[in-house]
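Down below is the structure, laid out as structure tokens.
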Amino acid sequence: MTLLDKDFLLTNETGKKNYSMSMPKKMPIIDFHCHLNPQEIYENKNYPNLTRIWINDGTFGDHYKWRLMRANGVPEELITGDGDEYEKLVAWAGTIEKAIGNPLYEWTHLELQRFFGITEPFTKKSVKRIWDKANELLATDEFKPRNLIKNSNVEVVCTTDDPASDLKYHKLLKAEEKENGFKVLPAMRPDKAFNISALTFDQYLQEFEDVSGIKITDFKSFIKAFEQRFEYFTRLGGRLSDHGLNTFHYVPATAEQIETVFENGRHNEPLTTKDVDIYATALLKELMKLNKKIWLDNAVSYERTTKPQSANV
């Protein structure tokens, strides 16, 4: 039984003909945003099982699956925790069989079909057969990370990277671009930089200071360190940023107010909702300026003058 056939979403003969005979089917994938792990791509080791490539852990896993599993009452141990990996897949099967109409239902079955040739519905009854067949394929060379990327006709992968990252594996992958046949580029995601209320905020600033080489004494010097990180990402091909703000309220403030909030945040002093909004507004405005200054206005000049071997912290 084939749940979703090769003509999925192509509802008439004209659509089928246009898709199969024209450019869309043949065009390469330029992936502007993903949560693939650059270290896994570089090391190019086989994934041990379907759970590891599908659900993973709390760092580089699939947060869409996590949210749906939580909504289904699955304990965190079987989502991002250290629960048994087969039991995690059983929990995902129990979730997805209740999710008909959710895009994840279709994505899950399309992935099984197009990568693994598995066409039966993914349920708690079929999960053992699917686990066994998928794991057998995942142990082959064709299912190593780099081959999965190449065989999917992917030319560019933009990963999600903290600005305080040293981008070690991006540097290593950049040296192997020709051999790989695809690019892996960093895309900046500064979630931790916005989390001024976190008890670890000052520790994060120290990491930022260490990797940028710029002493962070106030908000102004923090932005200076950010500029260094933008330039560093640029040297490795980075031109994109992604912001995961759950909510945002625009609250402008004076430079003195911003510095006061920043100082209180780094010392774990209590912050009001307005304080957090002041900080988020100020930081977002500065990052938008850097996006324009470094990744828009100067993109051509960076491309001409930057050499891979200069990409050092």
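The values are calculated or read from the model by the stated rules, or taken from the named source; none is laboratory data. Small disclaimer: the values here were computed from a predicted structure and weren't measured. Virtual Cβ from ideal backbone geometry, glycine too; neighbours counted across all protein chains shown. With ligands, DNA and RNA removed, areas are computed over all heavy atoms of the protein, side chains included. Shrake-Rupley method; radii C 1.70, N 1.55, O 1.52, S 1.80 Å.
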Heavy-atom accessible area of residue 251 with all protein chains present, probe 1.4 Å, nearest 10 Å²?
30
Counting only other residues whose beta carbon sits under 14 Å from that of residue 137, what net charge do I get with K and R as +1, D and E as -1?
0
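Lys and Arg at +1, Asp and Glu at -1: add these up for the other residues within a Cβ distance under 14 Å of residue 195 and post the number.
-3
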As a quick test, which of the pairs 45/220; 17/45; 88/192; 224/274 have an alpha carbon distance above 32 angstrom in this structure?
45/220; 17/45
If R0 is 30 Å, what FRET efficiency do you get for residue 18 and residue 133 from their C-beta distance, rounded to 0.05?
0.35
7 Å from Cα along Cα→Cβ at both residue 34 and residue 166: what's the point-to-point distance in nm?
2.5
Taking a probe of 1.4 Å, how large is the accessible area per residue of the range 79-129, in Å²?
50
Starting from the Cα of residue 128, draw a straight line to each of the aspartates and glutamates and keep only those under 13 Å, dropping any in the same chain fewer than 8 residues away.
85, 87, 120, 136
Could you state how much accessible area residue 84 has, in square angstrom rounded to the nearest 10, with a 1.4 Å probe and all protein chains kept in place?
90
Hey, any idea what % of the range 41-105's accessible area is carbon plus sulfur with a 1.4 Å probe?
48
Given the rule -39500 (n - 2.57) for each run of at least 4 DSSP H residues, summed and divided by the residues of the chain, what is its mean residue ellipticity at 222 nm, to the nearest 500 deg cm²/dmol?
-14500 deg cm²/dmol
Given unit charges at Cβ for Lys, Arg (+) and Asp, Glu (-), the dipole magnitude of the chain about its Cα centre in debye, nearest 20, is 1120
Whole-Å semi-axes of the chain's equivalent ellipsoid (Cα gyration tensor)
39, 25, 19
Cα centroids of the range 186-235 and the range 165-180: how far apart, whole angstrom?
22
List the longest stretch of the chain that has no exposed loop site; here a site is one of the trypsin sites (Lys or Arg not before Pro) assigned by DSSP to anything other than H, G, I, E or B, with at most 15 other Cβ within 10 Å.
216-313
What full-extension length gain, to one decimal in nm, is calculated for residue 293 and residue 217 as 0.36 nm per residue of separation minus the Cα-Cα distance?
25.0 nm
So if R0 is 45 Å, what FRET efficiency would residue 257 and residue 207 give, r being the distance between their Cβ atoms, rounded to the nearest 0.05?
0.95
With Cα springs under 10 Å, the Gaussian network model of the chain assigns the largest mean-square fluctuation among 91, 99, 187 to 99
How much length is gained on full extension from residue 248 to residue 271, taking 0.36 nm per residue of separation minus their Cα-Cα distance?
6.7 nm
